[in-house]
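Have a look at the structure below before the remarks.
Computed from the coordinates by the stated procedures, all read-outs in this text should not be read as laboratory data. Just so it is clear, the structure is predicted and the values come from calculations on it, not from any experiment. Cβ atoms come from the backbone with ideal geometry, glycine included; neighbour counts cover every protein chain shown.
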Amino acid sequence: MKDSIPSVVEANHYSIWELSQSDYGFALELCEHFEDDAISLLCGQFPLIADYDGEGSHGTRITLYR
């Protein structure tokens, strides 16, 4: 599953700042900041439930739940 996460991000031409395992599944921080509609579209493409998790120091954070 972790290997498929970068595939989704890269297919959308975004870059990953950090991808780590979390208690819920995975924590993802991108290198870009997004508008709400772009976040919703991106979250809908992951094979796990994905939610916007705020803005980090480098970009948008997304939580992916198992």
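Between the entries [x] 73; [y] 108; [z] 87, the label attached to volume of the Cα convex hull per residue in Å³ calculated for this structure is [x].
Ranking ILE62, LEU42, TYR24 by Cα position along the charge dipole of the stretch 4-65, where only Lys, Arg, Asp and Glu carry charges on their C-beta atoms, puts TYR24 farthest toward the positive end.
Multiplying the residue separation of MET1 and SER40 by 0.36 nm and subtracting their alpha-carbon distance yields 12.0 nm. Report summary: the helix-based calculation at 222 nm, which adds -39500 (n - 2.57) for every DSSP H run with n ≥ 4 and divides by the residues of the chain, gives -6500 deg cm²/dmol.
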